[in-house]
Amino acid sequence: MKNVRFGIIGVGNMGSSHAACLFADKIEGAVLTALCDIDENRRNILSEKYPNVVIFADYKEMISSGIVDAVIVATPHPLHSEISVFAMENGVDVLCEKPADITAEKAALSAEIAKKTGKKYAIMFNQRTNPLFKEAKRIVESGEIGNPTRLAWIVTNWYRTQNYYDNGDWRATWSGEGGGVLMNQAPHNLDLWQWIFGMPERIFATCSYGKYHNIEVEDEATILAKYKNGATATFITSTGEYPGTNRLEIIGSKGKLVIEQGKLKKWILPSDERTFCFNHPFPTVDFEPEYSEIVQTEQESGHRGILQNFTDSILKNEPLISPGSDGIFELLISNSAYISADKGEWIELPFDAKEYTNFLSSKVSDVQKKSSKSSIKFHDFYSNRWKVNW
Ligand SMILES: NC(=O)c1ccc[n+]([C@@H]2O[C@H](COP(=O)([O-])OP(=O)(O)OC[C@H]3O[C@@H](n4cnc5c(N)ncnc54)[C@H](O)[C@@H]3O)[C@@H](O)[C@H]2O)c1
């Protein structure tokens with residue numbers, strides 16, 4: 001195969017950004033051949049903007065047309081697994097927007113079909129391309145900060161106004177997206193948490209539903225987690241605080257990392273704390289840890305980086321930065337957080353998938369949210385309002 005022929009399913013905010021990127025030949029080895037959206041108005045605009053690209057109203061027709069080798073799935077999340085599975089079963093590789101779906105169970109099904117069909121399947125966890133997170137993962141895995149003992153992440157710089165929530169009728173509803181900030185904005189951070197620090201074994205959470213906005217789902221959540229080795233994690237997120245904070249702190253027995261405002265700060269102790277704790281002759285210590293910092297100079301390659309990696313994985317069998325099967329983990333965290341918040345109990349992972357389905361059905365209510373159709377925007381880069389300064 002010389003070029004991967006791409007189709008995009010769901011050409012709204014994110015899909016239009018992927019379309020612009022592919023159309024402008026920004027991805028080596030990739031070409032845009034098809035677009036699909038159920039919205040007629042969008043299709044008309046797309047036909048004008050992309051005269052040589054075939055426009056479809058039905059994703060099954062696009063996938064079966066023979067004019068695409070791979071698809072990007074950028075519809076609302078509850079359709080992600082259904083579309084991914086159909087594509088892979090029909091011989092088409094899949095790059096799916098985050099989250100992989102709204103339940104860990106459906107994400108696991110997509111991963112299983114990828115394994116069965118041998119098709120490439122990746123998730124758009126674009127923040128995995130950020131040099132600071134990549135470095136934090138490398139440091140933790142190398143053992144440089146010793147035995148990891150605690151992660152604390154305050155990520156409240158996902159601020160959104162009511163206008164955002166009114167801009168698209170699927171947003172911020174249990175039926176339309178299966179949750180709020182944990183399901184829409186925080187999947188990136190939940191993924192990075194588990195990518196760098198590993199999966200916890202127990203979760204406790206509180207969620208505030210419509211605390212800051214006129215929405216039925218949560219716009220604030222606090223998660224506590226425990227690990228098999230005794231490590232703990234806390235995770236606080238919100239779309240209702242301005243100005244927000246984004247501070248990730250990782251402690252190990254031999255050092256500490258902090259990522260905040262475009263810097264990774266690192267402190268390394270002269271020896272492991274577990275050793276000097278029991279051998280030091282005084283009640284406290286005054287060691288100067290070795291300090292260094294990395295300033296983020298290079299921009300993360302972001303969406304484009306993941307898209308290039310996915311294309312290279314098809315053409316050159318390069319390893320995927322964010323394999324589709326990894327999409328299950330952050331959903332295990334968010335799904336269990338919802339159950340915990342509902343029951344007021346600690347939840348052991350993996351939880352009972354049926355329990356989550358029951359929880360979700362109980363949440364799907366008739367609440368009618370004020371909504372207006374989102375306007376169509378075409379960007380060369382994903383618009384600034386999505387940008388996060390680390
Ligand atoms: N990776 C990121 O940084 C990032 C950022 C924003 C959004 N996203 C993800 O992208 C997805 C879409 O979000 P958005 O903000 O672009 O939403 P959007 O509402 O702007 O766009 C969704 C589009 O999908 C279309 N659609 C719905 N059902 C369809 C179907 N059955 N077949 C074809 N098209 C269909 C809609 O008409 C709409 O045009 C979400 O899952 C979201 O989480 C990812």
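The values are calculated or read from the model by the stated rules, or taken from the named source; none is laboratory data. In this text the structure is predicted, and so the values were computed from the model without any measurement. Cβ coordinates were reconstructed from backbone atoms using ideal geometry, including for glycine residues, and neighbour counts include every protein chain displayed.
Side notes on the structure shown:
- Selection of the stretch 158-189 for residues being under 15 Å from the mean Cα position of the chain (by Cα) and part of a loop (DSSP other than H, G, I, E, B) yields TRP158, GLY178, GLY179, GLY180, VAL181, LEU182, MET183, ASN184, GLN185, ALA186.
- A single member of GLN185, GLN162, GLN194 is farther than 23 Å from MET124 by Cβ and at pLDDT 95 or above, and it is GLN162.
- Test: ALA122 is buried (at least 23 other Cβ atoms within 10 Å of the Cβ) and either assigned to a loop (DSSP other than H, G, I, E, B) or out of contact with any strand residue (DSSP E or B) (no Cβ under 7 Å at 6 or more places or on another chain) (or both): no
- Of all residues in the stretch 305-356, those that are assigned to a helix (DSSP H, G or I) and more than 15 Å from the chain's Cα centre (by Cα) total 21.
- Candidate set: the stretch 283-312, residues that are β-branched (Val, Ile, Thr) and farther than 16 Å from ALA136 by Cα; chosen: the one nearest to the ligand (Cβ to nearest atom): ILE306
- Matching entry among LYS254, LYS228 (being over 30 Å from ARG171 (Cα atoms), crowded, with 18+ Cβ neighbours inside 10 Å and over 21 Å from the mean Cα position of the chain (by Cα)): LYS254
- Odd one out for LYS316 among (1) among the charged types (D, E, K, R); (2) assigned by TED's automatic domain parsing to the domain that holds GLY91; (3) touching a helix residue (DSSP H, G or I) at 6+ places or on another chain (Cβ under 8 Å): (3)
- Within the stretch 281-300, restricting attention to residues that are polar (S, T, N, Q) and modelled with pLDDT of 85 or more, the residue that is surrounded by the fewest Cβ atoms within 10 Å (Cβ to Cβ) is THR284.
- If you go through the stretch 93-107 and keep only what is touching a residue at least 40 places away in the same chain (Cβ under 8 Å), buried (at least 20 other Cβ atoms within 10 Å of the Cβ) and not polar (S, T, N, Q), you end up with ASP93, VAL94, LEU95, CYS96, GLU97, LYS98, PRO99, ALA100, ASP101, ILE102, ALA104, ALA107.
- Cβ-Cβ under 6 Å pairs, at least 6 apart or on other chains, the stretch 30-48 side modelled with pLDDT of 95 or more, far side near the ligand (Cβ under 10 Å from one of its atoms) and in a strand (DSSP E or B): LEU35/ILE8; CYS36/ILE9; CYS36/PHE56; LEU46/LEU35
- Only one of LEU79, LEU32, LEU95, LEU22 that is more than 9 Å from the ligand (Cβ to nearest atom) and over 23 Å from ARG128 (Cα atoms): LEU32
- Residue in the stretch 112-123 that is within 13 Å of the ligand (Cβ to nearest atom) and either within 18 Å of ARG304 (Cα to Cα) or over 18 Å from the mean Cα position of the chain (by Cα) (or both) present: yes
- Filtering the stretch 186-222 to residues that are closer than 26 Å to PHE133 by Cα, more than 16 Å from the ligand (Cβ to nearest atom), of a type in the set (Asp, Glu) and in contact (Cβ under 8 Å) with a residue 60 or more places away in the chain leaves only GLU201.
- The single condition among (1) part of a helix (DSSP H, G or I); (2) buried (at least 20 other Cβ atoms within 10 Å of the Cβ); (3) within 9 Å of the ligand (Cβ to nearest atom) that VAL11 does not meet is (1).
- Selection of the stretch 35-76 for residues being small (Gly, Ala, Ser), crowded, with 18+ Cβ neighbours inside 10 Å and either more than 10 Å from the ligand (Cβ to nearest atom) or more than 30 Å from LEU182 (Cβ to Cβ) (or both) yields only ALA70.
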